[in-house]
Each structure stands twice: as structure tokens, then as C-alpha cells.
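Take a look at the structure below.
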Amino acid sequence: MKITRALISVSDKIGLVEFARELDKLGVEIISTGGTGELLRHNGVAVREISNLTGFPEVLDGRVKTLHPKVHGGLLYIRGNPEHEAAARECGFEPIDLLVVNLYPFEATIAKPGVSLAEAIEQIDIGGPSMLRSAAKITNQSRSSSIRLITMKFSRQCAITTARRRSSCASAFAIKVFVTTAHYDQTIANFLNKEQTTDASFSLALPLVTRLRYGENPHQSASLYGNFDECFEKLHGKELSFNNILDISAASDLISEFAEPTIAILKHTNPCGVGSDNDLREAWMKAFATDKQAPFGGIIICNRPLALPLAKAISEIFSEVIIAPEFEPDARALLQKEKPAADPIAHPSGSEKTPLDLRSVRGGLLVQEKDTAELKGLETKVVTKRPPTKKKWRRCFSAGVL
């Protein structure tokens, strides 16, 4: 069955106009709300007001617009079910074949410094999650090939292929919807619990990034959840293992402690050596001098773009993963030619979304804020009877011990 009617109500409008134009070309009637409809009309896309569908105006500063039986009835009634079809005709439910929704940016709002409780609460979406849940429910109940698409991004391909999407594929979208709304609600609950210091439980819902080949050992199954793939970009090589991911995370935490140009070497999450120098090749020599045996098959991370001189130096030993904010083309080409080649990983700074440190314990979870505080004005105290000389300090630094 052909998609004839779409309801579009979005907060993030990037790509929306192009997407809606494609729907318009396909003859799909577009129903929209508030600012979404205004943007589309301004760009020449024909839009039907939501109030025209519901017979009720948008009120309370737009808080009540899609919470209406004609919206949810148009989403929820099962196509092809005689009783549902009769009830839909009696109640005047017009079928909504395509739902395009993304939610108010609550997570982005609370990430802003100094956000007030009132500002955060204003970004709690009510209608969006309700519509998503309605569409996700009917997706799992109906076997119609015209099942509605729940999408967070816009593309021409989505608009064209939705009419042919089978229920099994649509069910995958539905699962993503429930994961998304669960995460959204839990983010709100966790924020309010922190702000108002209640005794509510801590909740966590993370999207699946990938199924791993195995866990810490070959007989253990494992998966990766969260936004790890947004924090790191794999540029080359085989799929990362469970242990690779643990090491990459530990290396990233360690290097974040340094503002000056620094290189660190880790093995099984343990530092083998750390060196700092304006010349990264010198920083590498300091780090490597600490222990020349343990780094084999380890992780190397630096906090500056990786150029060819450093690539030549570190390519002399085998490494599982090499991490840098950026790889210059000739350096990357050299590292990828090595046999066996390490996996160059780009590590965009500032990409961590969850400022929490989570540790699993038997029967539970420890949760604390990440230690990102800067240490300033510290007083040093020598506890040995014989204080070290400047020469000994320099020797320690040059060897990468400190």
C-alpha cells in the first residue's frame, strides 16, 4: 500500500526541507506542527496544519498539539482489521502512514554549563515520545507492507523505500524507538534525581554499537553499547576486540591528564611508559625508554597530530592500536603498510557525552562523576631525608619515569 499521509514534528530540522520536498514529489500529504510547518511553508512545501486534522488548536505554548485521539488513532488502528477499520471511519481517524519525529534536545540542554532546572524541564518532550511509542506498537502488530517509518534522520532513500519495507525490517525500527524513548526518559530521571537529591533508582539504557567476536576470553560472548563509535573512528584494520576497547578507553583517560604534547604506551590497561616533549618523537623516546619489553602488542596514544617522524619511530615495534587526534596522510600510509599493521584510531577530543564513571561490582554498579578537575596550587613535599638534586630530577624526566 502506498504512503499517502505523513506527520512531521521535529526539533532538529537539519535536512528536513529536502526530505519533505521528496515526500511532496511522491504525492504524500504532509501534516505538521508549529515551527516545523512554518519552516516547510517558508520553503515552498505544502503543509496541512495539525489543528486542521484534530479540529483543536495548538495551546499552552505548543505543549498540547499532538496529544489527540485523531493523531494516535491515525497511528494506532490496525490496517486490514475490520473492527479497527470500522472504528476509524466512525471516529474520523485519517490514517497516518509515515511518522517523522525527533525529540526535544533534553540531553544537549543539560550538557550546557549553568543550565537551570526550569530550562531543563522545558525541554522534556511529551508528545514526541507518545507518537513514537504509538507508531512502534502498531509496527509490531501489523503485517502491512505500508508500515510507517520512525526515523531520526532524513534522506531521500528513506522516503522512497518505506512503502516497500517489510514488517521484520520495520520491527527493527520499532525496537530502536523503545530503546530511544527509554534512554530519553532515563536521562530525564537521572538528571532530576541529581538536581533534587531524591532516592530514586539510577537507570541506564544504551544503544548497541556492535556485537563483538568474543569477550575477554574466546569462550565469552560480548557486545559494545553506548556512543564509543562517536568517540573514536577506526581508520584501518580488523574489528576491535573486547580487550582492545578496554585498552583504548584506559589510554584515552590517561592522555586526557596532559595538556603538553605527550605520548603514552599501555598494555592490558596498565601504563608502560609516558613521555612529554614539544618534539613528539622525543616524547616517544622518553616513554619507550621506561620499559622496552612490555609495549610489544600494546596501545600507543598521543595528544597531538601524528606526523611521519613519529610514525617511523613507533613502527619499529608491533602495536595493536595507535591513537591520535589526527594522522597526517604520509604517517597513516606508513603505519598501514606495516606487517602486521596496527589499527590507527582517530580520537576526536571533547566527544565524551556521559560525564560518569561506571564500575561494575558483584550484584550492582558504582557510579561517580568523572575526575576532570584541574589540580592547581598544589604544594610539593619531599618525604625522603635526602632531597633529590636538580640533576636527578632531569634524569628521571629524560628517562620518562615522571
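Please treat every number below as a calculation from the coordinates, not as lab data. As the structure is a computational prediction, the values presented were derived from the model and not from experiment. Glycine also receives a Cβ, built like all others from the backbone with ideal geometry; neighbour counts cover every protein chain displayed.
Side notes on the structure shown:
- Cα gyration tensor shape for segment 235-346, rounded if a/c is under 1.5, else prolate or oblate: rounded
- Take every pair of alpha-carbon atoms less than 8 Å apart whose residues are at least six positions apart; their mean separation over the length of segment 214-278 yields a relative contact order of 23 percent.
- Order by protection proxy (mean Cβ within 10 Å, highest first), peptides 203-215, 246-258, 359-371: 246-258, 203-215, 359-371
- Projecting label points 7 angstrom from Cα along Cα→Cβ for Arg211 and Ala111 puts them 3.0 nm apart.
- Glu230-Ala289 FRET efficiency (beta carbon distance; Förster radius 35 Å; 0.05 resolution): 0.50
- Net lengthening on full extension, Glu257/Lys194 (0.36 nm per residue, minus Cα-Cα): 20.1 nm
- In terms of distances greater than 32 angstrom between alpha carbons, the cross-link table entries Lys137/Lys234; Lys65/Lys176; Lys65/Lys112; Lys234/Lys391; Lys2/Lys65 yield Lys137/Lys234; Lys234/Lys391.
- Selection from Gly80, Val115, Leu103 lying farthest towards where the dipole of segment 80-122 points positive, charges on Cβ: Val115
- Sequence ranges 96-103, 75-82, ranked by mean other-Cβ count within 10 angstrom, highest first: 96-103, 75-82
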